[in-house]
Amino acid sequence: MVSSQRSREEEGVKKVAVFGLGFVGLPLALSFAIRGCEVYGVDVNADLIAELNEGITHHLEHYHNTPIQKVLKDQLEAGRFKATTDAADALANCNNIIMTVGIPVVNGEHLFDHVESAARAIGKGLKPNDLVLVRSTLVPGMTQNYIRPILEKESGLKADDDFYLAYSSERIAEGKAFEEFENMPTLVSGVDRASRDRAMELLGIVTKADLVPCSSMEVVETAKVMENISRDVDIAMVNEFARFTKALGVDTFEVIRVANTHKRVKLLLPVPVLGGYCIPNALHYLTPKAEEMEVPLPLLRLARDINEHVPQFVVSMVTRNLPVLAKEAKVAVFGIAMKDFSNDDRLSPALQVIELLQTTGIKVAAFDPAVPTRHSFKVDSLQEALEGAHGIVVLAKQDGIDYNNFSLFNKYLSAAGQPFIVDTRNVYERKVVEAGGFILETL
Ligand SMILES: NC(=O)c1ccc[n+]([C@@H]2O[C@H](COP(=O)([O-])OP(=O)(O)OC[C@H]3O[C@@H](n4cnc5c(N)ncnc54)[C@H](O)[C@@H]3O)[C@@H](O)[C@H]2O)c1
């Protein structure tokens, strides 16, 4: 147990260091700052830090109706938030340390480098009575068996004796971060009860929803990965249903809508494939442990496989409607974000679809006003995307795209053949599209 002389931070103002200022870390850090904490945001990306300290971020979050850009500027001006690459300085000034760095998966292999380097940096500056609260999504068991030994080795301190160590999974969806930090029930556990209680006290500054105490950090880590995988499986199922309804000639979205009138049925909508950081990666966080324990996961692997093949299905809807050979064809893509109304294109299904279209020889011009990433196929306006294209592929909804401007479409699209729209986001009503002279393909 932690020694009783520990300070319970009676000084009033909590000092919080957040390691990793990405889609989770930045709005989380600002959520603490808004509520009066003094927050150091630490990241290894010096360009990101420079931008943040100038009040620049490309995220599309809102705190109530205030855009994150304004929240950031206000908190910088109030002196409650500071972004830095100097981990040692942040740790010297803070006794609540939150880790939000990720575990990227590259070619099916997870990379622990970020977690390892963040844990090392935190360990080096750790002081007695500090709280380390891990919020990254992890392979179950990692806080105890991977992060804890690094922290203890680097600091020379012992968790549950000299410092507090806890795990709380992060459940927010990008675009709803501020709201969900506040209102999403949150699971918490620690190496001991004191660590868990201290983490709950810290989390309670931002989270008004239930803080659910759990018996071990492994329970929380496992629940998080399973939550993500369950969505992967649910979506694989409806993607498969969608193929059936399409072959049958009935409207998939209508079938799902009416099936969901059953009180115990809750089908999700089909999507071109799950993108983003969390869901596609989740199975890869479970498999190392499952393999170690020789637990087969055939259903979960199949679901991932089905979802990974959906982009090919989207491409087949394009190619069968082309009035010319693929190598002479062009399509306009609307939206490349990993989900609707997001600026995040990491592991975006749109990028996979575009790559496959290009592999078949089709020229792609994609417009997405929200995603800042540079890509050779990206253009700056809807007109440029449409110019000479034979059809439109809708891969994400975004503000700033007029999806129903059929007169603009007709003005710029190629006159060859009948134009088509491949709608993977349930944007269109069939009769409207067909009245506009377009073929409509849906999942
Ligand atoms: N994005 C989401 O919607 C979401 C939702 C729930 C949970 N999560 C989980 O939260 C974690 C973070 O996700 P994210 O989307 O914010 O990732 P991100 O890639 O946007 O941000 C991670 C940040 O960590 C920084 N970083 C890497 N190594 C570092 C180090 N040693 N010290 C300090 N900073 C370092 C990176 O430069 C980057 O800015 C992941 O584990 C993810 O699975 C994400």
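The values are calculated or read from the model by the stated rules, or taken from the named source; none is laboratory data. For clarity, every value in this text was computed on a predicted model and none was experimentally measured. Because the Cβ atoms are built from the backbone with ideal geometry, glycine has one as well, and the counts that use them run over all protein chains shown. For accessibility, only protein heavy atoms count, side chains too; no ligands or nucleic acids. Shrake-Rupley method; radii C 1.70, N 1.55, O 1.52, S 1.80 Å.
Scoring C278 on the criteria (1) in contact with a Ser or Thr (Cβ under 9 Å, 6 or more places away or on another chain); (2) away from the ligand (no atom under 16 Å from the Cβ); (3) of a type outside the set (D, E, K, R) leaves a single failure, condition (2). Taken as a whole, the condition of being among the polar types (S, T, N, Q), assigned by TED's automatic domain parsing to the domain that holds T66, within 13 Å of the ligand (Cβ to nearest atom) and at pLDDT 95 or above does not apply to T207. Only one of these is open to solvent by 30 Å² or more (accessible area, probe 1.4 Å) and of a type in the set (S, T, Y): T424, T360. Name it. The conditions single out T360. The residue of the stretch 396-413 that is most open to solvent (accessible area, probe 1.4 Å), among those that are in contact with a Pro (Cβ under 8 Å, 6 or more places away or on another chain) and of a type outside the set (V, I, T), is D399. Of the residues E254, E308, the single one that is away from the ligand (no atom under 16 Å from the Cβ), within 30 Å of G400 (Cβ to Cβ) and exposed (fewer than 15 other Cβ atoms within 10 Å of the Cβ) is E254.
In the set K153, K176, only one residue is under 18 Å from the mean Cα position of the chain (by Cα), among the basic types (K, R) and on the phi < 0 side of the Ramachandran plot; that residue is K176.
Sub-6 Å Cβ pairs linking a first residue in the stretch 335-349 that is away from the ligand (no atom under 13 Å from the Cβ) to a second residue that is charged (D, E, K, R) and open to solvent by 10 Å² or more (accessible area, probe 1.4 Å), at least 6 apart or interchain, are I336/D345; D340/K397, ordered by first then second residue. Taking only the stretch 365-394 into account, find how many residues are under 19 Å from M338 (Cβ atoms), in contact (Cβ under 8 Å) with a residue 60 or more places away in the chain, open to solvent by less than 10 Å² (accessible area, probe 1.4 Å) and in contact with a Leu (Cβ under 9 Å, 6 or more places away or on another chain). Within the stretch 365-394, residues that are under 19 Å from M338 (Cβ atoms), in contact (Cβ under 8 Å) with a residue 60 or more places away in the chain, open to solvent by less than 10 Å² (accessible area, probe 1.4 Å) and in contact with a Leu (Cβ under 9 Å, 6 or more places away or on another chain) number 1. Looking only at the stretch 121-138, decide whether some residue is free of Cβ contacts under 8 Å to residues at least 12 places away in the same chain and not small (G, A, S). No, because not a single residue in the stretch 121-138 is free of Cβ contacts under 8 Å to residues at least 12 places away in the same chain and not small (G, A, S). If you go through the stretch 100-141 and pick out every residue that is within 12 Å of the ligand (Cβ to nearest atom), outside any loop (DSSP other than H, G, I, E, B) and within 18 Å of the chain's Cα centre (by Cα), you end up with 5.
In this structure, does S230 turn out to be within 16 Å of the ligand (Cβ to nearest atom) and of a type in the set (G, A, S)?
yes
Regarding A194, is this residue of a type in the set (A, V, I, L, M) and more than 25 Å from L26 (Cα to Cα)? Yes.
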